[in-house]
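Have a look at the structure below, then the notes.
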Amino acid sequence: MELYREHGFEQTTVAQIAERAGLTERTFFRHFADKREVLFAGSGQLHDLLVQAVADAPASATPLAAMVAGIEAIGALIEESRGRTLARQRQQIVSASAELRERELNKMSSLAGALAGALRERGVAEPAASLLAEIGIAVFRLSFERWVSGRRERELRELMRESLAEVGSLTAQAGSRATAA
């Protein structure tokens, strides 16, 4: 992270990263496919946790409640493992690089696909499973951005709950307008 901040992602080399970490390049490549993966190494863990949290939601849980369980689980993991400072640094590095922004979008798309699949496993039909998954990942992503850029010390899960309440309010408004029409 320090090297990326000091030199920028594009200018930082694997040799510099390995040297700073006290490793050989060969050892670096045993752990990471390339220098991007340093920033995205936990993606598989997020994917697995998201799917497991949805699967572990009580059978009586609504599809929305199962989705919320999934995104809250990954939010909790990020808060506990990275913390706001490290997450903020990572986000700044990703935001400064078109290549990394694209990789981040791919990660979010993969998470949405995993979430939709987990909801389908619970018996949620299409297009509801995909719509709910996209909403969930949008709520997660926007809440994460608010969390890392926020000045107040609020929990990521609190921001996700606020965003979900906003979605609920918007859909209720849309429903009442459709009924009135």
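Below 8 Å between Cα atoms, with a sequence gap of 6+, how large is the relative contact order for the chain in percent? Walk me through the intermediate numbers first.
Values: 142 pairs, mean separation 37.5, N = 181.
RCO, the chain: 21 percent.
Expected output is a single nm value to one decimal: the length gained when fully extending between A138 and L86, i.e. 0.36 nm times separation in residues minus the C-alpha distance. What is it?
Working: separation 52, 0.36 × 52 = 18.72 nm, distance 2.15 nm.
Gain on extension, A138 to L86, equals 16.6 nm.
Quick one: length gained pulling F29 to L131 fully straight, 0.36 nm per residue minus the C-alpha distance? Don't skip to the answer; put the middle values down first.
Working: separation 102, 0.36 × 102 = 36.72 nm, distance 3.79 nm.
That pair, F29 and L131, stretches by 32.9 nm at full extension.
What three numbers, in Å, describe the spread of the alpha carbons of region 1-78 along their principal axes, ordered from the longest?
In descending order, the Cα extents are 52, 24, 16 Å.
Put +1 on the Cβ of every Lys and Arg and -1 on every Asp and Glu Cβ in the chain; which of G123, V54, V148 then has its Cα farthest towards the positive end of the dipole?
Going by the Cα projections, it comes out as V148.
Run the quick spin-label model on R5 and L49: label points 7 Å from Cα toward the beta carbon, then report their separation in nm to one decimal.
About 2.2 nm, to one decimal.
Need the full-extension length gain, E102 to A41, defined as separation in residues times 0.36 nm minus the C-alpha distance. One decimal, nm. If you can, show how the numbers build up before the last one.
On the way: separation 61, 0.36 × 61 = 21.96 nm, distance 1.56 nm.
Value of the extension gain: 20.4 nm.
Place a point 7 Å from Cα of T62 in the direction of its Cβ. Which residues in region 112-140 have their backbone N less than 14 Å from it?
132
Anyone know which of I137, I17, I74 comes out most mobile in the 10 Å Cα GNM of the chain?
The residue that fluctuates most here is I17.
Once the dipole of the chain is set up with Lys and Arg at +1 and Asp and Glu at -1 on Cβ about the Cα centre, which of A114, L77, G8 lies farthest towards its positive end?
G8
Okay, helix-only estimate at 222 nm for the chain: each DSSP H run of n ≥ 4 adds -39500 (n - 2.57), divide by all residues, round to 500 deg cm²/dmol; what do you get?
Numbers: 10 runs with 142 residues, N = 181.
My calculation for the chain gives -25500 deg cm²/dmol from helical runs alone.
Over all directions, the average projected area of the alpha-carbon convex hull for the chain comes to how many nm²?
Working: hull surface 50.1 nm².
Over every viewing direction, the Cα hull of the chain projects on average to 12.5 nm².
None of the figures in this text is laboratory data; all of them are computed from the coordinates on show. Nothing here was measured: the structure is a model prediction, and the numbers come from that model. Glycine gets a Cβ as well: all are built from the backbone with ideal geometry, and neighbour counts include every protein chain shown.
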